[in-house]
Amino acid sequence: ETGVTQTPRHLVMGMTNKKSLKCEQHLGHNAMYWYKQSAKKPLELMFVYNFKEQTENNSVPSRFSPECPNSSHLFLHLHTLQPEDSALYLCASSQRPPERGVPPSTDTQYFGPGTRLTVL
Amino acid sequence: AQTVTQSQPEMSVQEAETVTLSCTYDTSENNYYLFWYKQPPSRQMILVIRQEAYKQQNATENRFSVNFQKAAKSFSLKISDSQLGDTAMYFCATSSTRVVGLIWGAGTKLIIKP
């Protein structure tokens, strides 16, 4: 157990549905992340939050809408998804958020187990 | 764009053998970090080992060690005395000041056979 939980673990939805993914971290971290993991491809960073503020949006389609009400909780709201959005969605947290242009830290990201999303 | 390449999509070895997973990366930076993450079939990704680029000494964590060749931009992971629990996807990643977060490889699926 790494201190990051995600619900649900599996989700099947139609293209017209609206659903939400939830992530919670119990590590006292300040940064939270959403990743998309597709088979045989590198992890794709979607969003980064630092102290509840969104600091990164990697050109993610608007059908994905993140929400971070506090530094321990992160949501990903889904609506009108496409079949190609089917993937494993991973949440992660770290003590310090990454910043472009700042020398990197050794900060480790702690991952949740993921939500396996299937869009029909 | 900076990239991380894991040239072995899948590997399998017998239990107790030593296995090496390869990773090469492309960067123009001098100060960065390299990571190996493990994702077992239960899917929770965990950090295996990390290396600071300015340190010449290779990092080790119990049965896991790296062979860091900075000039060649190579960062391989060696697993000694492999165990069934080592069966997982292994991802290599590097940090960069030019992007937020890490740059990830596509992963190597490692199967340890009894």
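Every read-out reported here was derived from the displayed coordinates using simple, explicitly stated rules and does not represent laboratory data. This one's a predicted model, so the numbers in the text were calculated from it and none came from an experiment. In this analysis, Cβ positions are derived from the backbone assuming ideal geometry, glycine residues included, and neighbour counts consider all displayed protein chains.
Backbone phi angles across the range B:24-32, fed through the Karplus curve with coefficients 6.51, -1.76 and 1.60 (θ = phi - 60°), yield HN-Hα couplings of 10, 9, 10, 8, 9, 8, 9, 10, 7 Hz in residue order; Gly and Pro are listed as x. Need one number: nm distance between label points at residue A:17 and residue B:113, each 7 Å from Cα along Cα→Cβ, rounded to one decimal. Between residue A:17 and residue B:113, the simple spin-label model gives 4.0 nm.
A crude spin-label estimate for the pair residue A:57 and residue A:116, with each label 7 Å from Cα along the Cβ direction, gives 3.1 nm. Note that the range B:49-57 has calculated 3J(HN,Hα) couplings of 6, 9, 9, 8, 5, 7, 9, 7, 6 Hz, one per residue in order, obtained from phi through the Karplus relation 6.51 cos²θ - 1.76 cosθ + 1.60 (θ = phi - 60°); glycine and proline are x. Cβ-to-Cβ counts within 10 Å put A:43, B:84 in ascending order as B:84, A:43, the fewest first. When the trypsin sites (Lys or Arg not before Pro) in the range A:1-81 are filtered for DSSP coil states and for at most 15 other beta-carbon atoms within 10 Å of their beta-carbon, the remaining sites are A:9, A:40, A:52, A:63. Think of it this way: in chain A, A:68 stand alone, with no other Cys Cβ under 4.7 Å. The convex hull of the Cα atoms of chain A, projected and averaged over all directions, covers 7.3 nm².
Mind checking which of A:80, A:55, A:108 has the largest fluctuation in a GNM of chain A, springs on alpha carbons under 10 Å? Residue with maximal mean-square fluctuation among A:80, A:55, A:108: A:108. Taking amide hydrogens as placed 1.01 Å from N in the peptide plane, the amide H of residue A:12 sits under 5 Å from those of A:118, each at least 5 positions away in sequence or on another chain. A compact globular protein would have a Cα radius of gyration near 2.2 N^0.38 Å; the ratio found for chain B is 1.02.
A cut-off of 5 Å between modelled amide H atoms, ignoring neighbours fewer than 5 places along the same chain, links residue B:101 with A:99. Computed on the Cα trace of the protein assembly as shown, the radius of gyration divided by the Kirkwood hydrodynamic radius gives Rg/Rh = 0.97. DSSP beta bridges in chain A, what fraction antiparallel, as a percent rounded to 5? In chain A, approximately 90 percent of DSSP beta bridges are antiparallel ones. Across chain A, the mean sequence separation of Cα contacts (distance under 8 Å, 6 or more residues apart), normalised by length, yields a relative contact order of 37 percent.
Legend: Rg and Dmax of the range B:30-92, from Cα coordinates, 12.2, 37 Å.
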